[in-house]
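Peer 1: Please find one structure pasted underneath; my questions will follow.
The values are calculated or read from the model by the stated rules, or taken from the named source; none is laboratory data. As the structure is a computational prediction, the values presented were derived from the model and not from experiment. Every residue, glycine as well, gets a Cβ built from its backbone with ideal geometry; the counts of neighbours run over all protein chains shown.
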Amino acid sequence: MLCPNCSEQLDSTEMSNQKVLHCKNCGGNFFEENGINRVSPKDAISLTKDASNSVVTGTPKVCPKDSIFLHIIDSDEAIPHDVTLFKCPKCHGIFAYPDDLIKFKKAQSIKIEFFRIWGTPLPSLKSVLVTTFIAIMALTVYANLTNKALQTTKASTIIGTVKFSNKGRYVFVNFTTSIPYISSILLNDQIDHTTRIVSLDKQAQTIHFGIISNVELQHGISYQLILNDGNGTVFKTDEKPLEINE
């Protein structure tokens, strides 16, 4: 597969558990769907260090996987105005120049850290993640859920206001907890009678946010938040209807 920028051969590598097609000539990188959101700033920097030249061509960019033209992502509040990212309309992969990759990850990290320091939930995950190509968030089905002591507790004693927003087929959730917890959300579809659990934070946090895809809001979805202190104690909130706040 060839680099969308300089047409040199791409090398397949893995960074932050994400598959990346990397160009050692110009330093460009093609990420699979949602990969650019998940790669760490440190790994992003390492992806830009071995470029042998800094060529940036003005030719149309072609997806290395699907051989169709990439589109510039615009009107996305997560992307700084001086950063250009290219998206494949078919596989939703993202191509980034090395400098733009660093700028994007730096801006993303600064924004998240700001809200963490001030102890405030993000006003919208759309301001942090490139939402136009977010993949289905990893679903963690707790096979041994019934073997753990699930303790239903009043949400007001642990959890702050839970906010939901949506964009297209994605639902965004954010809330705070009084002490750090590992968090997930259980969704019940009242029409299809299906249940799924989506992991929100795999490390204990006091500020929680996540993205849920393929939510049929017209089905009357209800939810429960599940909090794990990491020591075997699990709390589950009462079931409530999922209502969009903004």
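Peer 1: Could you identify the single residue in Gly230, Gly168, Gly220 that is loosely packed, with under 15 Cβ neighbours inside 10 Å, of a type in the set (Gly, Ala, Ser) and more than 26 Å from Ile112 (Cβ to Cβ)?
Peer 2: Numbers: Gly230 fails: more than 26 Å from Ile112 (Cβ to Cβ); Gly168 fails: more than 26 Å from Ile112 (Cβ to Cβ).
Sole residue among the options that is loosely packed, with under 15 Cβ neighbours inside 10 Å, of a type in the set (Gly, Ala, Ser) and more than 26 Å from Ile112 (Cβ to Cβ): Gly220.
Peer 1: Checking the structure you have, find out if any residue of the stretch 74-91 is aliphatic (A, V, I, L, M), in contact with a Pro (Cβ under 7 Å, 6 or more places away or on another chain) and without any contact (Cβ under 8 Å) to a residue 60 or more places away in the chain.
Peer 2: To start, the set of residues in the stretch 74-91 that are aliphatic (A, V, I, L, M) comprises 78-79, 83, 85.
The next check asks that each one be in contact with a Pro (Cβ under 7 Å, 6 or more places away or on another chain); those that pass are none.
Looking through the stretch 74-91, none of the residues is aliphatic (A, V, I, L, M), in contact with a Pro (Cβ under 7 Å, 6 or more places away or on another chain) and without any contact (Cβ under 8 Å) to a residue 60 or more places away in the chain.
Peer 1: A further question follows. Identify all residues within the stretch 178-196 that are over 23 Å from the mean Cα position of the chain (by Cα) and either on the phi > 0 side of the Ramachandran plot or among the hydroxyl-bearing types (Ser, Thr, Tyr) (or both); write none if there are none.
Peer 2: Ser178, His193, Thr194
Peer 1: Same structure again: For Asn53, indicate whether it is more than 30 Å from Thr177 (Cα to Cα), at pLDDT 90 or above and polar (S, T, N, Q).
Peer 2: Numbers: more than 30 Å from Thr177 (Cα to Cα): yes; at pLDDT 90 or above: no; polar (S, T, N, Q): yes.
So Asn53 fails the test.
Peer 1: Could you please find all residues in the stretch 198-223 being farther than 13 Å from Phe164 by Cα and touching an Asp or Glu at 6+ places or on another chain (Cβ under 9 Å)?
Peer 2: Ala204, Ile207, Glu216, His219, Gly220
Peer 1: Do we have any residue at all in the stretch 129-146 that's more than 27 Å from Asn228 (Cα to Cα), surrounded by 14 or more Cβ atoms within 10 Å (Cβ to Cβ), at pLDDT 75 or above and under 19 Å from the mean Cα position of the chain (by Cα)?
Peer 2: no
Peer 1: Identify all residues within the stretch 14-24 that are modelled with pLDDT of 95 or more and of a type outside the set (A, V, I, L, M, F, W, C); write none if there are none.
Peer 2: As a first pass, look at the stretch 14-24 and keep what is modelled with pLDDT of 95 or more: 20-23.
His22, the sole residue that qualifies.
Peer 1: Which number in (1) polar (S, T, N, Q); (2) modelled with pLDDT under 85; (3) in a strand (DSSP E or B) marks the one condition that Ser156 misses?
Peer 2: So Ser156 meets the others, but not (3).
Peer 1: So, of the residues in the stretch 226-246 that are touching a Leu at 6+ places or on another chain (Cβ under 8 Å) and of a type in the set (A, V, I, L, M), which turns out to be nearest to Gln190 (Cα to Cα)? Explain how you work it out, then say what you get.
Peer 2: From the stretch 226-246, those touching a Leu at 6+ places or on another chain (Cβ under 8 Å) are 226, 234-237, 242, 244; that's our starting set.
In the following step, the residues that additionally are of a type in the set (A, V, I, L, M) were identified as 226, 234, 242, 244.
Numbers: Ile226: 19, Val234: 25, Leu242: 11, Ile244: 17 Å.
The extreme case among them is Leu242.
Peer 1: Let me ask something else about it. Do the conditions hold for Ser199, that is, is it touching a residue at least 40 places away in the same chain (Cβ under 8 Å), surrounded by fewer than 19 Cβ atoms within 10 Å (Cβ to Cβ) and either touching a Pro at 6+ places or on another chain (Cβ under 6 Å) or at negative phi (or both)?
Peer 2: Values: touching a residue at least 40 places away in the same chain (Cβ under 8 Å): yes; surrounded by fewer than 19 Cβ atoms within 10 Å (Cβ to Cβ): yes; either touching a Pro at 6+ places or on another chain (Cβ under 6 Å) or at negative phi (or both): yes.
The answer is yes for Ser199.
Peer 1: Still on this structure: Considering only the stretch 29-44, I want to know if a residue exists there that is touching a residue at least 60 places away in the same chain (Cβ under 8 Å) and touching a Phe, Trp or Tyr at 6+ places or on another chain (Cβ under 6 Å).
Peer 2: Checked against the condition, which is being touching a residue at least 60 places away in the same chain (Cβ under 8 Å) and touching a Phe, Trp or Tyr at 6+ places or on another chain (Cβ under 6 Å), the stretch 29-44 yields at least one hit.
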